[in-house]
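Structure record follows, encoded as structure tokens.
The values are calculated or read from the model by the stated rules, or taken from the named source; none is laboratory data. Because the structure is a prediction, the values reported are computed rather than measured. FYI the Cβ positions are ideal-geometry reconstructions off the backbone, even for glycines, and counts take in every protein chain you see.
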Amino acid sequence: GKYRVVSTKSMPGTRWINLLIQNDCRLEICTEKKTILSIEDIIALIGDKCDGVIGQLTEEWGEELFSALSRAGGKAFSNMAVGYNNVDVDAANKYGVAVGNTPGVLTETTAELAASLSLAAARRIVEADEFMRAGLYDGWLPHLFVGNLLKGQTVGVIGAGRIGSAYARMMVEGFKMNLIYFDLYQATRLEKFVTGMFLPTYGAFLKASGETPVTWKRASSMDEVLQEADIISLHPVLDKTTYHLVNKERLAKMKKAREAILINCSRGPVIDEAALVEHLKHNPMFRVGLDVFEDEPFMKPGLAEQKNAIVVPHIASASKWTREGMATLAALNVLGKIKGYPVWFDANRVEPFLNENARPPA
Ligand code: GLV
Ligand code: GLV
């Protein structure tokens, strides 16, 4: 291969490998056993000559790594993730390295995990499973693990981009929930789905059968969502403006501060996790489903002991199809930049180079 490409981790599937090796690249996949590589580990991987790197969200891509990559002649870096809060895009610009991410292919998979956590929290599935395995079930009881009926309740979506919109659609269509969303941008496709497809068909059917049809609205503030929703799911990007977006005060403001459900499949620091642990302790019927944590891989003290928390290890995009797709997109990002290909994929689905677009609003 003419170009040297490094992947800091082994990734699912073979398509991404074939794409690179059939297009003039020599691919080196790091086999280091420890999960999180240090900056020094990655600088050693980059070495003296490296044209592009595929990296992971556990790595801090800033000045040190982009200057090392640029010294090695590198022009391209792709995160194998849609989120890129671990990447300093300004530093990449400074060193002339293009940065890619992997949106599109993980939208539905991530939304499906948010929906899974919503149902698991509403119906207390994890607690009930633990109860069964502990041999505590000694007969059906009217009060045993009573949870929430989603139908007719209100789902609140904070951040209605690709993932938030897909989640909203699932909850409205699948469970006939009312919708309230907050986003700086209007979620045009989501609104079209609700008003153009859902309400005229199933909505009309509900009305005709004398049932309450689904309602929806775009909130003018985040607090409006907190005050009206029974389940809230967080889907913003993590940046300065969304750090600790959910804090002590906002938890107290929730309509059902004592018994609402909060889901986070975005990034851990969007929630003040220590404040959340306190809130969970004082409100046993308040439930959370968390895929991400403030200090990954750690949980804040006390969280693991809370029965009203469901915690999973950052697996929202973990379906085979999606992970293979993410690996393929990451390879295409790097290969495209190295070879100077025009962008050939659907611009509505992917933003291959973050330096040129996809910046969060100031
Ligand atoms: C995963 O967290 C991602 O951003 O893709
Ligand atoms: C419960 O199992 C019921 O039949 O109502």
Subject >> Residue list for the stretch 84-107, restricted to those being surrounded by fewer than 21 Cβ atoms within 10 Å (Cβ to Cβ), more than 12 Å from ligand 1 (Cβ to nearest atom) and not in a helix (DSSP H, G or I) >> reply: Asp88, Tyr95, Gly96
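Out of the stretch 54-83, which residues are crowded, with 24+ Cβ neighbours inside 10 Å, part of a loop (DSSP other than H, G, I, E, B) and within 12 Å of ligand 1 (Cβ to nearest atom)?
Met80, Val82
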Original post:
Restricting the first residue to the stretch 321-342 and requiring it to be surrounded by fewer than 19 Cβ atoms within 10 Å (Cβ to Cβ), which pairs with a second residue that is among the basic types (Lys, Arg) and assigned to a helix (DSSP H, G or I) meet a Cβ separation below 6 Å and a spacing of at least six or different chains?
Top reply: none
Original post:
Can you pull out the strands (runs of 3 or more DSSP E) entirely within the stretch 108-223 that have at least 3 residues that are within 28 Å of His244 (Cα to Cα), in contact (Cβ under 8 Å) with a residue 60 or more places away in the chain and under 24 Å from the mean Cα position of the chain (by Cα)?
Top reply: 154-158
Original post:
Just to be sure, is Ala115 away from ligand 1 (no atom under 16 Å from the Cβ) and either surrounded by fewer than 18 Cβ atoms within 10 Å (Cβ to Cβ) or not assigned by TED's automatic domain parsing to the domain that holds Val155 (or both)?
Top reply: no
**OP:** Note down all Cβ pairs under 7 Å where the first residue falls in the stretch 45-70 and is in contact (Cβ under 8 Å) with a residue 60 or more places away in the chain, the second is assigned to a loop (DSSP other than H, G, I, E, B) and within 13 Å of ligand 1 (Cβ to nearest atom), and they're at least six residues apart or on different chains.
**Re:** Ile54/Met80
